[in-house]
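Participant: The structure is given below, and queries will be raised subsequently.
The values are calculated or read from the model by the stated rules, or taken from the named source; none is laboratory data. Note that the structure is predicted; figures quoted are calculated from it, not measured. Note that we place each Cβ from the backbone using ideal geometry, even for glycine, and neighbour counts take in every protein chain shown. Just the protein is used for accessible areas: all its heavy atoms, side chains included, with ligands, DNA and RNA removed. Shrake-Rupley method; radii C 1.70, N 1.55, O 1.52, S 1.80 Å.
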Amino acid sequence: MKKLDLETAENLAAKMRSEYLRISSNEPVNTKTALRQLNIMTVYSPLSDNIYGLSLMTQDRKNRFMLVNSNMTRGAQHFTVAHELYHLYFDENPHPHLCNQPFTDPAERSANMFASALLMPKDGIVMSIPMEELKKKEIGIDTLLRLEHLYGISHKTMIVRLKELHVIKPDYADFLNRLAITKEAALRGYDDKLYRKGNGERLFIGDFGSKARKLFEEGKIY
């Protein structure tokens, strides 16, 4: 499978928003709400540092499962969910896999492009940046932090998206990447959990309990 081009990734993200999640083209995606809405059985649990998560589904695509590493930063967890949604809904050759680095496989890189477009919609990003900053292609730290916390995205991932949308210049992106963003966030009153590892929780999403109860009542489990 070839890697998606940017236009195709944007179109698939728009389809996920409009047809599956029923949200507008610019509002933030609440990933846990999305998982519940799509009825994807999901487990947030601590995993190895180099593993972000995994996904799999039955052959008829009626039952989908996702595992997310709760030891990762909140931003990384949100991106992992969006990444796995690509595999579960748009991957031409889906198969159970561990999502880890480096992302050299075309399908993995396509999933990253989709996740970026889904979580950081072009319309929403551009609308949230003051006109004078758009003209200069140098957004302020306050604007950057507001975007990162609005869309629940890590610092470096947001910068990659801003470069992709040609909202900032490459040399200015280098400046932003050198920022001690956790310190900058604290100075401005932001919670640093978006950037900090190991703040996740063990969490189950889906109808696991209902299915287990039904099997118990049917005498299939004890």
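Participant: Out of Ala82, Ala76, Ala111, Ala107, report the one residue that is more than 26 Å from Arg196 (Cα to Cα) and outside any loop (DSSP other than H, G, I, E, B).
Facilitator: After applying the criteria, what remains is Ala107.
Participant: Among the residues of the stretch 59-117, write down those that are of a type in the set (D, E, K, R), open to solvent by less than 30 Å² (accessible area, probe 1.4 Å) and in contact with a strand residue (DSSP E or B) (Cβ under 8 Å, 6 or more places away or on another chain).
Facilitator: Scanning the stretch 59-117 gives Glu84, Glu108.
Participant: Pick from Val68, Val81: which is in contact with a Phe, Trp or Tyr (Cβ under 6 Å, 6 or more places away or on another chain), closer than 18 Å to Tyr151 by Cβ and at pLDDT 90 or above?
Facilitator: One residue alone meets the criteria, Val68.
Participant: Which numbered condition trips up Arg36, out of (1) open to solvent by 70 Å² or more (accessible area, probe 1.4 Å); (2) part of a loop (DSSP other than H, G, I, E, B); (3) touching a residue at least 24 places away in the same chain (Cβ under 8 Å)?
Facilitator: Every listed condition holds for Arg36 apart from (2).
Participant: For the stretch 7-39, name all the residues that are over 21 Å from Met158 (Cα atoms) and touching a Ser or Thr at 6+ places or on another chain (Cβ under 8 Å).
Facilitator: Within the stretch 7-39, Ser18, Leu35 qualify.
Participant: Scanning the stretch 15-33 for residues that are part of a loop (DSSP other than H, G, I, E, B) and on the phi < 0 side of the Ramachandran plot, which turns out least open to solvent (accessible area, probe 1.4 Å)?
Facilitator: Val29
Participant: Just wondering, is there one or more residues in the stretch 191-214 that are farther than 29 Å from Glu7 by Cβ, surrounded by fewer than 18 Cβ atoms within 10 Å (Cβ to Cβ), more than 20 Å from the chain's Cα centre (by Cα) and at pLDDT 95 or above?
Facilitator: No: zero hits.
Participant: Still on this structure, I have one more. Tell me which residues, restricted to the stretch 136-173, are assigned to a helix (DSSP H, G or I), surrounded by fewer than 21 Cβ atoms within 10 Å (Cβ to Cβ) and of a type in the set (Asp, Glu).
Facilitator: If the condition is that a residue be assigned to a helix (DSSP H, G or I), surrounded by fewer than 21 Cβ atoms within 10 Å (Cβ to Cβ) and of a type in the set (Asp, Glu), then Asp142, Glu164, Asp171 are the ones that fit.
Participant: OK, next. Can you find, within the stretch 45-58, the residue that is nearest to Tyr89 (Cα to Cα) among those that are open to solvent by less than 40 Å² (accessible area, probe 1.4 Å) and in contact with a helix residue (DSSP H, G or I) (Cβ under 7 Å, 6 or more places away or on another chain)?
Facilitator: Top of the filtered list is Ser55.
Participant: Now for a separate question. I'm told Leu176 meets every condition in (1) outside any loop (DSSP other than H, G, I, E, B); (2) open to solvent by less than 20 Å² (accessible area, probe 1.4 Å); (3) within 26 Å of Thr33 (Cα to Cα) except one. Can you identify the failing condition by its number?
Facilitator: Tallying (1) outside any loop (DSSP other than H, G, I, E, B); (2) open to solvent by less than 20 Å² (accessible area, probe 1.4 Å); (3) within 26 Å of Thr33 (Cα to Cα), Leu176 fails exactly one: (3).
Participant: Answer yes if at least one residue in the stretch 6-14 is part of a helix (DSSP H, G or I), surrounded by 22 or more Cβ atoms within 10 Å (Cβ to Cβ) and in contact (Cβ under 8 Å) with a residue 12 or more places away in the chain, and no otherwise.
Facilitator: yes
Participant: Take Glu164 and tell me if it is of a type outside the set (Ser, Thr, Tyr) and modelled with pLDDT of 95 or more.
Facilitator: Criteria not met by Glu164.
Participant: What pairs come up if the first residue lies in the stretch 124-147 and is at positive phi, the second is among the small types (Gly, Ala, Ser) and open to solvent by less than 60 Å² (accessible area, probe 1.4 Å), and their beta carbons are under 7 Å apart, counting only those six or more places apart or on different chains?
Facilitator: none
Participant: Still on this structure, I have one more. Which of (1) part of a strand (DSSP E or B); (2) farther than 20 Å from Ile153 by Cβ; (3) in contact (Cβ under 8 Å) with a residue 60 or more places away in the chain is the odd one out, the single condition Leu98 does not satisfy?
Facilitator: Among (1) part of a strand (DSSP E or B); (2) farther than 20 Å from Ile153 by Cβ; (3) in contact (Cβ under 8 Å) with a residue 60 or more places away in the chain, the lone unmet condition for Leu98 is (3).
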